[in-house]
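Worksheet: the structure to be examined is printed underneath.
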Amino acid sequence: QLQLVESGGGLVQPGGSLRLSCAASGFTLYSYSIGWFRQAPGKEREGVSCISSSKGSTNYSDSVKGRFTISRDNAKNTVYLQMNSLKPEDTAVYYCAADLTPICASTWYWLYEYDYWGQGTQVTVSS
């Protein structure tokens, strides 16, 4: 069974923080680059961040740069997304996705790049 499971979502006030986790089962994330995406109601799924399988090279969308940090722990087969200074516009379902390409592509934010997707975790930023 190949599966990605996101966790850590929830309700947080503006300015607050959340840490999302993406855990893999049935395969190892070691050789994959991992992307985080989000989808708000009525909107297209958009790329948030990507981390390479080697060296931990990262990419971020302009909307989250400086606020979000992606990291990985290959020993735990898990990728994280630390989200700080959250804004209401960050409200969305957050998905992680695995790409067999070991290094984040220049087009890492394209959905078709990814082979496996999790079911998502809800993040709601509201006072």
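The values are calculated or read from the model by the stated rules, or taken from the named source; none is laboratory data. Not measured: the values here are computed from a predicted model. In this analysis, Cβ positions are derived from the backbone assuming ideal geometry, glycine residues included, and neighbour counts consider all displayed protein chains. Accessible surface areas use protein heavy atoms only, side chains included; no ligands, DNA or RNA. Shrake-Rupley method; radii C 1.70, N 1.55, O 1.52, S 1.80 Å.
Structure values in brief
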item: Number of the condition not met by residue 51 [criteria: (1) hydrophobic (A, V, I, L, M, F, W, C); (2) under 12 Å from the mean Cα position of the chain (by Cα); (3) under 14 Å from residue 5 (Cβ atoms)]; result: (3)
item: Residue among 70, 103 that alone is more than 11 Å from the chain's Cα centre (by Cα), hydrophobic (A, V, I, L, M, F, W, C) and over 16 Å from residue 25 (Cβ atoms); result: 103
item: Candidate set: segment 88-127, residues that are of a type in the set (D, E, K, R) and exposed (fewer than 14 other Cβ atoms within 10 Å of the Cβ); chosen: the one farthest from residue 14 (Cα to Cα); result: 115
item: Identity of the residue in segment 4-22, among the small types (Gly, Ala, Ser) and more than 11 Å from the chain's Cα centre (by Cα), that ends up farthest from residue 97 (Cα to Cα); result: 15
item: Hits in segment 2-16 (condition: open to solvent by 30 Å² or more (accessible area, probe 1.4 Å), at pLDDT 95 or above and under 26 Å from residue 53 (Cβ atoms)); result: 5, 7, 8, 9
item: Qualifying residue in segment 19-39 (condition: in a loop (DSSP other than H, G, I, E, B) and under 17 Å from residue 123 (Cβ atoms)); result: no
item: Members of segment 56-66 found to be open to solvent by 30 Å² or more (accessible area, probe 1.4 Å) and either touching a Gly at 6+ places or on another chain (Cβ under 8 Å) or at negative phi (or both), listed by number; result: 57, 58, 59, 60, 62, 63, 65
item: Any hit, segment 53-60, residues being within 30 Å of residue 127 (Cα to Cα) and touching a residue at least 60 places away in the same chain (Cβ under 8 Å); result: no
item: Qualifying residue in segment 35-55 (condition: exposed (fewer than 14 other Cβ atoms within 10 Å of the Cβ) and polar (S, T, N, Q)); result: yes
